[in-house]
Structures are given as C-alpha cells and as structure tokens.
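Below: one structure, written as structure tokens.
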Amino acid sequence: MRNVAYAHIDDLASLIQIDCQVIGSGSRQEQIQEAILEKRCLVVRNGKTAAGFLIFNTHFFDNTFVSLIIVSPEERRKGNASLLLKHVEKIARTDKIFSSTNQSNRQMQRIFEVNGYSQSGMIENLDPGDPEIVYYKQRK
C-alpha cells in the first residue's frame, strides 16, 4: 500500500540513496536534510520502503514551488510522482503551485500535464541548450 507523509530524519539515508540512484551522487544531502527538518519534504512509501520524495518551498514569489521530485528507478511509472504532487496540493498554504522541468524531460512534462498543470513560461540559460519549462496549477 502506498502512502505519502512528511519525511522524518530517519528517512534521510533512504532518500539520499534514491537521489544517488537517479543523479549519481549524494551532493544534495544537506538540501534534503534541511527540507526534512523544515517539514518541506514529502516521502511516498510502498509499505515501509521509500519509493520517492518531493521537496517544496514558498520562496517563488510567495507561492508554493515544487523544487524536486525524485522517484526510485524501479518505482517509476507506478503513480508515485502523481501521489506526491496530489499531496503537496492538499497541504500547500498558497493558492498557486509552481514547478519546472527541463524541455528534454518529456516524462516529467507528461506527469505535470496529467495532473492538471499548465505551462507558464520558459527559462533559458540554466542548462545550456535545454530550457526549463515552468508549470503552474491553481488550487481549488
């Protein structure tokens, strides 16, 4: 059974392990730990095992911004990213939710579209030759 909850410090090692699987390094350990301690990190579990996580903040013009969604490679295409997005929509304290992904990341673009997010703009020059597409959703 899958469930989403705030991550706890006990989850840190498993979230770093997932992040390492995806990006090949533990360079975001401090960012993940800080988000856990500040209650800005959600974890989706399949039973007791972490399948993925999401980090959010309200630093984007005082709106909720999902800065990171990471799902373990073996847990992809099972609805985990959608579960994380739906949960952040429930707990967000702002009416607008934003996130972004690279133009080359078609899988993430599809996840945003399936979950009712609309394109809101594009940011050039973050990754050379791969613009960042900003997505937006208005909470009801």
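A few remarks follow.
- Among the protein heavy atoms of the chain, carbon and sulfur supply 48% of the accessible surface, probe 1.4 Å, non-protein parts ignored.
- Scanning residues 5 or more positions from THR94 or on other chains, those with amide H under 5 Å from its amide H are THR64, with H placed 1.01 Å from N in the peptide plane.
- FRET efficiency for the ILE9 to ASN102 pair, using the beta carbon distance and R₀ = 35 Å, is estimated at 0.70.
- Cross-link partners of LYS96 among lysines, defined as those whose alpha carbon lies under 23 angstrom from its own and excluding same-chain residues fewer than eight positions apart: LYS39, LYS86, LYS137, LYS140.
- Amide H contacts of LEU68: ILE55, each under 5 Å away and 5 or more positions distant or on a separate chain (H built 1.01 Å from N in the peptide plane; Pro and chain starts excluded).
- Packing-based order for 50-56, 82-88, 31-37, 5-11, using average beta carbon neighbours within 10 Å, highest first: 50-56, 82-88, 31-37, 5-11
- Comparing Cα centroids, the range 61-91 and the range 3-60 end up 11 angstrom apart.
- Accessible area per residue in Å² at 1.4 Å probe, computed on the chain: 57 Å²
- Taking the charge dipole of the range 1-131 about its Cα centre, with +1 at Lys and Arg Cβ atoms and -1 at Asp and Glu Cβ atoms, the residue from ALA13, MET1, ASN57 reaching farthest to the positive side is MET1.
- The HN-Hα couplings worked out from phi for the range 4-9 by the Karplus form 6.51 cos²θ - 1.76 cosθ + 1.60 (θ = phi - 60°) are 10, 8, 4, 6, 10, 4 Hz, whole numbers, x standing for Gly and Pro.
The values are calculated or read from the model by the stated rules, or taken from the named source; none is laboratory data. Given the structure is predicted, the values throughout are model-derived calculations rather than measurements. Counting neighbours? That spans all protein chains shown, and the Cβs are built from the backbone with ideal geometry, glycine included. Side chains included, ligands, DNA and RNA excluded: accessible areas come from the protein's heavy atoms. Shrake-Rupley method; radii C 1.70, N 1.55, O 1.52, S 1.80 Å.
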